[in-house]
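Everything below concerns the one structure shown next.
The values are calculated or read from the model by the stated rules, or taken from the named source; none is laboratory data. Everything numeric here is computed off the predicted structure, so don't read it as measured data. Cβ placement follows ideal geometry from the backbone for every residue including glycine, while neighbour counts extend to all protein chains displayed. Quick note on the areas: whole protein, heavy atoms, side chains included, nothing else; ligands and nucleic acids left out. Shrake-Rupley method; radii C 1.70, N 1.55, O 1.52, S 1.80 Å.
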Amino acid sequence: MTIDRASNSNASRRRRTAARAGVGLACLSGVLALGLAAAAPAQGTYGKSLWWEAGQGDVLPAAVDFDTPEGAVGIINASGPIETKDHPFFTALGTNGRACVTCHQPANGMSLSAQTVQRRWEETNGRDPLFAAIDGSNCPSLPQELKSSHSLLLERGAFRVAAQWPPRDRNGQAIKPEFKIEVVRDPTGCNTSPVYGLGSPTPMVSVYRRPRMAANLKYVTNSGGAFNAKNLAMTMPLDPDTGRPVGLNFMADARELTLKTQAVNAVLGHEEGKAAPNPEQLKKIVDFEMQVYAAQKMTSAGGALQYNGGPPALGPAAMRDGQQGVLADYLDNPVFKSFEVWKTAAPGETAQQRVFRASVARGFDVFFVRPFWIRDTQHINTVGLGNPAKRTCATCHNASLTGQDLSAGWVDLGTANTPWAGDQPDLPMFKITCDADVAPHTFLGRVIYTHDPGRALVSGRCIDVGSIVMAQFRALSARAPYFSNGSAKTLRELVDFYDRRFNVGYSEQERQDLVNFLSVL
Amino acid sequence: MNRKMAAVSLLALFSAGAAQAAEQHLNFVSCPILRDTATVPCWLSEYKGELYYLGIQQDASAEFYPPFLGHKVLAEGVVSSEPRICGGIVLKPVKISNLPDLDPSCNTMLPAEDRYTVPFAPRGPGPNPRPSLNRRPGGAPAAAPAAAKAPPTKTVFTVYYDFDTDWANRWARVLGEAATFAKTSNAAEVQVVAYRASVKMSDGPDFVERKEMGERRAKRLEQTFAELGLPRDTIKVVWKDAKKADGLEDYKLRRAEITVVPGAQPATTASR
């Protein structure tokens, strides 16, 4: 493994410079435009120096900005600068050299973009711990030196998630699934592998998913109460430490109850640890995750996003200062506050900024008030709205400042299930056949073809097949591609998917406005 | 019984009978029909050549949950004398159950027309005026736990189900109240009696739920109460077939009754 320490030191200096620049918000736009243009390689791609390596040992400043393809993403540590040397989030705790930060990079809004993955492959010839066989390759049984063996991580930014089959309940007891699962297509070889597959001595289902943001988590871990507001008579599991109901909103399949259990299993799994982190390490990991905030802070076309008098939801400071647990699909408290200020020209704006900001403001209106028919969406149409329901994006993306669902948010949007997911030949395809004596999937019936059974891999329920917990909307420009399987390479592809999925009929202007709106979050 | 009391009783019986005779109950299975409006869509269904209005789209806290295109719906309602809405005779009250299996023939969406408006008030500022999810159908009062300081008494909580489902959706609040009461009253026993039922259809044989539905409801509730923290050994479940449907309020037969029997109360300390 070759790591360019000099580059990392330079990166460190640049990050600190950027952090200092971030203090003077009034001149942020100009400073970033100059400072980051100098630091960034051509065409706005990531410099390798922005990679944060496990054990790097630098200080992560209280406020720091990183360049992105669209501008800059801002990171705020609410508790002040983080000394990362020996910090368990930034230190390899397992055997493969990875740390939490490996897949939750500050420069990528505490997630990981496919572009960064590709750059890292080029920098290390594929020998970075990021590409560990366990889940950084399509299957551990493949020849690890080949780039093709890591194609899903390189192209989609997707890691292998091996789900134990059948699943276990909250007490560790095997759940009797309501369906039979068969492997129809296995391009990675993992689901039919005698070692890793469904027929192995420890049966597993391998699916491929993007890492979520390890930031803004006070919103994401918010708990709604004893019952699941979308599966109304279903109780929510309890946090084993506090005895309080959890939120089930921070993993794609909601398999982890708390950040603590997630950290334990991440170290044992992703980092191939021999032992779980000790209580002190766990506390430091969770404490760090609960105080770090990330959001887009500057765009090349629109300039600064976080400034006095600007749209109040933009920038990481808004995330730090905002209130979690707020249902925000009301007209008086919109999900992303207000963009009215960008509907009219402001002194000092460039012509390009005016055009872009007006587009963003229109995009928010499209997001918040433009109705369309939401149809055949399990855990949305089935929650008292009827099928179809005439509503807006904000109906489902209703949590203030994140755009998640305030309820435990697994939904079958169609990104995993056919027909809407389409044929994605590089992903596995499973055939799900629901038992005759259970309720079928409400809109797909008893036989479903899916790339990822989603929540059903945890619950064993037929109605959960293909349902994925929706992710937060922040720092999107820093962490393409989108959807849990990385199937939308760009924000435009994401918007186009929704248009196709719900037959919305967006105009070209509306599409571009939505893309611009999403890009500033 | 003296003559006067007998007369009053007879009158009461007659009044009730007359009221019932005046009500036309309709129970039928049909495709739902969506009609768009300028605001939210309204939902209709056709039965014997007549269009009936079921309700409008609202949200999860509403009493009426709209049906699903792609599925047939069981409608159980009373023909009201209210003016038509969206072109349909108003069924009120009405209970609907989406039938589980797909039916692609149920796919009618009618466009909005100026002549059709719906009784819909857009969500205004401030918190949702409806109390929360899981409000009680018909505004039925909660099964009130015993008054403060009085010894808790045996209390029955009832939840109702859509046809052929074993999740008491919309009744989470009642389940929560039952669990809370069981905890605060140190319940000696929580008895669950869950019923499988049928519906007397307006034009045909009874529509019967799946055979195992009572058992499923009972076991689902047992699991729910355990997850809400009640000791499993205090939860006793049985399941039964409900009484024969008469076509009037058959949806009330699809239910579970949860009887919480308080246990020994801690001795109170006399205050000086």
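Of the helices (runs of 4 or more DSSP H) that lie entirely inside segment A:53-138, those containing 2 or more residues that are of a type in the set (A, V, I, L, M) span A:114-124, A:133-136. Restricted to segment A:256-356, the set of helices (runs of 4 or more DSSP H) holding at least 1 residues that are under 18 Å from the mean Cα position of the chain (by Cα) and at positive phi is empty.
Looking across segment B:95-111, just one residue is surrounded by 18 or more Cβ atoms within 10 Å (Cβ to Cβ) and among the small types (Gly, Ala, Ser), and that is B:Ser97. A:Val220 satisfies every condition listed in (1) at pLDDT below 90; (2) within 28 Å of A:Val73 (Cβ to Cβ) except (1).
When residues in segment A:225-259 are screened for being buried (at least 21 other Cβ atoms within 10 Å of the Cβ), within 14 Å of chain B (Cβ to nearest Cβ) and small (Gly, Ala, Ser), 2 of them pass.
One residue stands out among those in segment A:318-333 that are open to solvent by 20 Å² or more (accessible area, probe 1.4 Å) and in contact with a Phe, Trp or Tyr (Cβ under 6 Å, 6 or more places away or on another chain): the one that is nearest to the other protein chains (Cβ to nearest Cβ), which is A:Gln324.
Restricting attention to segment A:420-440, which residues are more than 8 Å from every other protein chain (Cβ to nearest Cβ) and over 29 Å from A:Asn138 (Cα atoms)?
First, the residues of segment A:420-440 that are more than 8 Å from every other protein chain (Cβ to nearest Cβ): A:420-436, A:438.
The answer is A:Asp435, A:Ala436, A:Val438.
Residue pairs whose Cβ atoms lie under 9 Å apart, separated by 6 or more positions or on different chains, with the first residue in segment A:111-133 and open to solvent by 20 Å² or more (accessible area, probe 1.4 Å) and the second among the hydroxyl-bearing types (Ser, Thr, Tyr) and at pLDDT below 95, are A:Gln115/A:Thr45; A:Gln115/A:Tyr46; A:Arg119/A:Thr45; A:Arg119/A:Tyr46; A:Glu123/A:Thr2; A:Glu123/A:Ser7; A:Asn125/A:Thr2; A:Arg127/A:Thr2.
Which of the residues that make up segment B:183-236 are of a type in the set (Ser, Thr, Tyr) and either within 28 Å of B:Gly77 (Cβ to Cβ) or open to solvent by less than 30 Å² (accessible area, probe 1.4 Å) (or both)?
Keep residues of segment B:183-236 that are of a type in the set (Ser, Thr, Tyr), which gives B:184-185, B:195, B:198, B:202, B:224, B:234.
B:Ser185, B:Tyr195, B:Ser198, B:Ser202, B:Thr224, B:Thr234, listed by residue number.
Considering segment B:41-94, and only residues there that are at the interface with chain A (Cβ under 7 Å from one of its Cβ atoms), part of a loop (DSSP other than H, G, I, E, B) and open to solvent by 10 Å² or more (accessible area, probe 1.4 Å), the residue that is nearest to B:Arg173 (Cα to Cα) turns out to be B:Ala60.
Hey, can you tell me all the residues within segment A:312-326 that are free of Cβ contacts under 8 Å to residues at least 60 places away in the same chain and more than 13 Å from A:Tyr293 (Cα to Cα)?
The initial filter retains those residues of segment A:312-326 that are free of Cβ contacts under 8 Å to residues at least 60 places away in the same chain, namely A:312, A:321.
Matches in segment A:312-326: A:Pro312 only.
For segment B:23-36, taking the residues that are farther than 11 Å from B:Gln57 by Cα and not in a strand (DSSP E or B), the one that is farthest from the other protein chains (Cβ to nearest Cβ) is identified as B:Glu23. From the set of residues in segment A:357-379 that are open to solvent by 10 Å² or more (accessible area, probe 1.4 Å), part of a loop (DSSP other than H, G, I, E, B) and within 13 Å of another protein chain (Cβ to nearest Cβ), which is modelled with the lowest pLDDT? In this case the residue turns out to be A:Pro371.
Each row is one residue, and each column tells you yes or no for (1) at pLDDT 95 or above; (2) not charged (D, E, K, R).
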residue: B:Arg3; (1), (2): no, no
residue: B:Ala7; (1), (2): no, yes
residue: B:Leu13; (1), (2): no, yes
residue: B:Glu23; (1), (2): no, no
residue: B:Tyr47; (1), (2): yes, yes
residue: B:Gln58; (1), (2): no, yes
residue: B:Gly70; (1), (2): yes, yes
residue: B:Glu76; (1), (2): yes, no
residue: B:Ser80; (1), (2): yes, yes
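For residues in segment B:168-180 being in a helix (DSSP H, G or I), open to solvent by 10 Å² or more (accessible area, probe 1.4 Å) and touching a residue at least 40 places away in the same chain (Cβ under 8 Å), which is farthest from the other protein chains (Cβ to nearest Cβ)? Let's see the steps before the verdict.
The first filter runs over segment B:168-180 and keeps only residues in a helix (DSSP H, G or I), leaving B:172-180.
After this cut, where a residue has to be open to solvent by 10 Å² or more (accessible area, probe 1.4 Å) as well, the list is B:173, B:176-177, B:180.
After this cut, where a residue has to be touching a residue at least 40 places away in the same chain (Cβ under 8 Å) as well, the list is B:173, B:176.
On the way: B:Arg173: 8, B:Gly176: 6 Å.
Looking at the filtered set, the residue picked out is B:Arg173.
Does A:Pro166 satisfy being surrounded by fewer than 19 Cβ atoms within 10 Å (Cβ to Cβ) and touching a residue at least 40 places away in the same chain (Cβ under 8 Å)? Working first, answer last.
Details: surrounded by fewer than 19 Cβ atoms within 10 Å (Cβ to Cβ): yes; touching a residue at least 40 places away in the same chain (Cβ under 8 Å): yes.
The answer is yes for A:Pro166.
Taking the residues in segment A:194-210 that are assigned to a loop (DSSP other than H, G, I, E, B) and under 22 Å from A:Ala252 (Cβ atoms) as candidates, determine which candidate is least open to solvent (accessible area, probe 1.4 Å). So, considering only residues that are assigned to a loop (DSSP other than H, G, I, E, B) and under 22 Å from A:Ala252 (Cβ atoms), the one least open to solvent (accessible area, probe 1.4 Å) is A:Gly197.
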